[in-house]
1. Which members of region A:957-987 meet the condition of being in contact with a helix residue (DSSP H, G or I) (Cβ under 8 Å, 6 or more places away or on another chain), within 14 Å of another protein chain (Cβ to nearest Cβ), open to solvent by 20 Å² or more (accessible area, probe 1.4 Å) and among the hydrophobic types (A, V, I, L, M, F, W, C)?
2. Tell me, please, whether a residue that is crowded, with 17+ Cβ neighbours inside 10 Å and within 14 Å of another protein chain (Cβ to nearest Cβ) can be found in region A:66-82.
3. Determine the pairs where a residue that is at positive phi, located within region A:833-849, has a partner that is not small (G, A, S) with Cβ atoms under 8 Å apart, the partner being 6 or more residues away or on another chain.
4. Report yes if A:G27 is assigned by TED's automatic domain parsing to the domain that holds A:I417 and more than 30 Å from A:E220 (Cα to Cα), otherwise no.
5. Under the condition of being out of contact with any Cys (no Cβ under 9 Å at 6 or more places or on another chain) and part of a helix (DSSP H, G or I), which residue from region A:436-476 is least open to solvent (accessible area, probe 1.4 Å)?
6. Does A:C110 count as touching a residue at least 60 places away in the same chain (Cβ under 8 Å), surrounded by 15 or more Cβ atoms within 10 Å (Cβ to Cβ) and not assigned by TED's automatic domain parsing to the domain that holds A:Q45?
7. Name the one entry in A:P409, A:P444 that is away from every other protein chain (no Cβ under 14 Å), at negative phi and modelled with pLDDT of 95 or more.
Amino acid sequence: MPKVGSVMVVGGGVAGIEATLQLANAGYKVYMVEASPSIGGRMAQLDKTFPTNDCSMCILSPKLVEVGRHKDVELLTMSKVVDITGEPGNFTVVVEKKARYIDLDKCVACGVCAEKCPVKVDDEFNQGLIKRKASYLLYPQAVPLKYLIDEEHCIYLKKKKCGACQKFCPAKAVNFEDKTENITLNVGAVVLAPGFRPFDPKEIPLYGYGSTPDIVTAMEFERILSASGPFGGHLIRPSDHKEPQKIAWIQCVGSRDINRARHSYCSSVCCMYAIKQAIVAKEHAPYDLDTAIFFMDMRTHGKGYEQCYNDSENRHKVRFIRARIHSLLPNRKEGGVMIHYADEEGLLHEEPFDMAVLSVGLEMDPGTLALAKKLGLDLTSGGFIHTDTFEPVSTNRAGIFVCGVVQGPKDIPQSVIEAGAAAQAAGSIIASERGTLIKEIQVPQERDIRGERPQVGVFVCSCGINIGGVVDVKEVAEYALTLPYVTYSTVNLYSCSQDTQNLISKTIEEKGLNRIVVAACSPKTHEPLFQETLAAAGLNKYLLEFVNIRNHDSWVHKDDPKAATDKAKDLVRMAVSKVLLLEPSSELELPLNQRALIVGGGISGISAALRFSENGFPSTIVEREGRLGGNANFLYRTKDGRDVREELQKLIDKVSKDPNIEILTNAEIKDVEGYVGNFKTKISQNGNLRTVEHGVVVIATGAREFQPKEYLYGVNPNVVTGLNFDMYMRTKPEYLKSLNQVVFIQCVGSREPQRPYCSRVCCTHTVLSALHLKELNPDMQVFVLYRDLRTYGERENLYKEAREKGVFFIRYELENKPIVEEKDGRLSVKVKDHVLQRDVLLNPDLLVLQSAIVANDVDQIAKFFKIPIDEQGFFVEAHVKLAPSSFATEGVYLAGLAHYPKPIDESIAQAGAAVANAIGLLSKGKVYASGIVAEVDQVACSGCGVCVSVCPYKAPYIEGSGRFQGKAAVNPFLCKGCGLCNASCRSNARHLKGFKDSQILAMLEAL
Amino acid sequence: MEETFEPQILAFCCKYCAYAAADLAGSMRLNYPANVKIIQVPCTGRVDVIHILKAFESGVDGVFVAGCLEGECHFLKGNLMAKRRVNQAKEILRSVGLEPERCEMFNLSSAMGVRFAEIAREMTQRIKELGPSPLRDKVKPDSLKKFLEYPIAA
């Protein structure tokens, strides 16, 4: 069967969005199927994101808009996949598209339907904390920004009465005849990213959910905290709207619980979201809010999480109480809730709180489970879709890939990483068809407007009655005609509709307009559309000025139409004065070298090279050591029982034979010239210097095991590290089998003041090692001394298995570390057991120190590629949440331990994500600079270098030679157009196109 | 005069947070005084002291610069630079006899539509209490003529 150059992404949450954008930007047509009326998923409901407490909507909404506007993405909302048949490269997918009853092409989201609708029902986006209408918009920033009619509650659809929405809709968008239909699509691959649903705490009566409104789920609390939530971000408790003085968080609700819940796994994100919520709640409260988190193990295993945990305890004074919950009961007298719990010693306590937040876990949606079963996908014990360590995003069905929580509980960065990997994997099976189904936009030859007298056209939008109902749009248009150089102005009912767009294009051509002002809605959502309209008329798209007379005028001044009209005139006048000074700009382009350089030949680097090759791109691996494989050379087995060295050897054989991959071992980077698209890197190999030319680079420099300086390591031969232990497993199993007692100490060098991060892999490593020992000799005594056991996600099952097999786990505190001594060559370990409340003395034959993962010395690499490293020596990604595998510097990507400690599956996934990002660039064939970049008037420049020092993107530089030697210049391919250099320039020599001083001042003059 | 004084206020809003917050205030159909006008800038780091001063010269009674929350600037540190420039502008206002309170820096996220409306009201109230800017009367009614003399680009 022929291959098809399109992919279906199922799920419109953050993982689906990332996969969609990666695929669409790489040249594939994408169908995005989303069950709800708008995309955004769970992340859209969150207030802030950990560990930086970035506003969730702020970082997500540009992505939503990008998906909504992408020429190669077709959005299918209110839709679900019914069946998939066919084979990799050519699948037939049946999608059920539910009736929306509102025509997507006609609806302009004016909201009249909702205003007129008499039905009020629980607003599920706000977790039922407030009501919505039966005709509604999912949330204000929704994409697509279209209403829908909820057929379950609409009176007309049930009883053929009412119909108010249809009567009043100015756009005639309501269609009660709309029908649910099945459509059939042909795609080359499928990416499943349907996400999860929060666990329903009603299943476990002891949590008291439902007994008082003051016991809420974490999702409800997100909405309570949200500035756009039901209470406008005012922290109040639901029962009486009083400000709570004390809030408790209850961890592991529905997770790590097979007695009362159905889930043995750890949901992986709840510890961090509880910490985040506690900190944010304190910030919201203008008083001293008391917050307490009741937990079993604190699992803050991600990048920056441990520091956030420490901060919450030390700086924000969040209380952490290690406990088992007995019950939550409503406090009938004073409101709020009484929490009964047992501490670590087993003593019972009770404490009243004004509110309790249940940190509910993540679970598979039954609909998703049904689909997975229908498709014949293997599931894990927790009901998630099973994948293999070495193919972390592949299902057992070829051509169907997964990412996000459907593959196992995980946080946003890991979901985004997997999404990149899944996009790359899906693309690679149809790489030959890349670019075959994408839309080519035909734009006419651009008109040269130099020398033309300015002819400004002003288009005032009525937006149905959204603007026209308040602002006298006719008056505004008439007024515009009185302004200098305005030769045409008009009012449009809906400027964004396709026919009006065509009309505007025609008008620009017919009237010979060369500057356009559009007074309508928000440029954030609509400016790109009008830019295309200009381009379609042969006018440079940068000759547009957008005025927001809806969100910033008619909607916020509806009580004062006169003032709103005056303001609209003022804004139009300001825009006209600016537009006169706008200049055509172009997106500069440069050839793009198709080769990738990969720094580091460990598992991440090897994987990256293979991924590039699968997509037809050549690469060069630079490895400092004499052999490939990095740390994987020392590991024994993965959590799914695979022999790491065997698998590594397979990968090495594969890269070695691949004609697309060049391997340089014993090699070191000596110098780097150039930037995105055109790097020239000098590499020394065995004393020979050679230059590799490449367009992009993947940093996969890895990390290493910390060499402990405590617990008699290096003194007593029976004290070894985790990697040493793995070597024993491989080479001396008989020796290990003979041992009577083995003790593991966790967090050696991790989570300490000088290294305040969690090394993420060690708990799982130890539990796995303990199980291997029990397999060798079930009678062996195995002790694990830990601080918090962090077997996140379904790794928790290994912990459970280890306990069942008789491995002893004893917790210790940082202030009270185990004491290791040696007497006559015999080791002794003393540790205080918190359950028994007494010291325990152990005499291990072997003491294994699970030592921290520390960064390699990468200062040089960081300087060469102009990329930042953090205090711990790990590289700093472009964005903690949404861009974990790339850098702010264009063309440089990141994978593996160089980013943060992580296990093999996550490293391989990140290599895929880094490659997906790189392919988005490489597949365009050229590098393009934005039209909104800084430029330098080198005659005026004094060469002071301020621009070079202030720019976060290293775009400005000082000319080293030529006529303007010593003067500043700017690399438009690195410039992001923020204008910081422009405002910092002391010689008025730097200008940001579209926001020059003259242009801003012209607006101010016209105030 | 005081009775009918409606202060003119100009806001420089960054594209990623403050401008989006103002958009959201609209989507939420909040209400704030109509005399607050917004100029969009890619980042508050683009706002120069001269822009703030020029706004006063053009006769506005108050200016505020609104960027992302500190530490969350889309362009990493532009809002911190803006804060310094706002402080510098305040100093200049003080030195020429204007109240520095007429100029302010705010930080908000794109989800803070309510906060944006609050800021607009707060600033209006603040300027109402301060009274009209003394530079107001100095503005020529036909200031538009001035820009007609600007060299027209292209």
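The values are calculated or read from the model by the stated rules, or taken from the named source; none is laboratory data. Worth saying up front: this structure is predicted, and the values here are computed from it rather than measured. As a convention, Cβ positions derive from the backbone with ideal geometry for all residues, glycine included, and neighbour counts pool all protein chains shown. All accessible areas refer to the heavy atoms of the entire protein, side chains included, with ligands and DNA or RNA removed. Shrake-Rupley method; radii C 1.70, N 1.55, O 1.52, S 1.80 Å.
1. Residue satisfying the conditions is A:C985 alone.
2. Residues of region A:66-82 that are crowded, with 17+ Cβ neighbours inside 10 Å, as a first pass: A:66-68, A:70, A:72-73, A:75-81.
Now restrict to residues that are within 14 Å of another protein chain (Cβ to nearest Cβ): A:66.
Yes, region A:66-82 contains at least one residue that is crowded, with 17+ Cβ neighbours inside 10 Å and within 14 Å of another protein chain (Cβ to nearest Cβ).
3. Correct list of pairs: A:Q837/A:E345.
4. For A:G27, the condition - assigned by TED's automatic domain parsing to the domain that holds A:I417 and more than 30 Å from A:E220 (Cα to Cα) - is met.
5. Result: A:V476.
6. yes
7. The match here is A:P409.
Every residue, every condition in (1) in contact (Cβ under 8 Å) with a residue 24 or more places away in the chain; (2) loosely packed, with under 14 Cβ neighbours inside 10 Å; (3) in a strand (DSSP E or B), yes or no:
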site	(1), (2), (3)
A:Y309	yes, no, no
A:S312	yes, no, no
A:H316	yes, no, no
A:R322	yes, no, yes
A:I325	yes, no, yes
A:L328	yes, no, yes
A:K333	no, yes, no
A:I339	yes, no, yes
A:G346	yes, yes, no
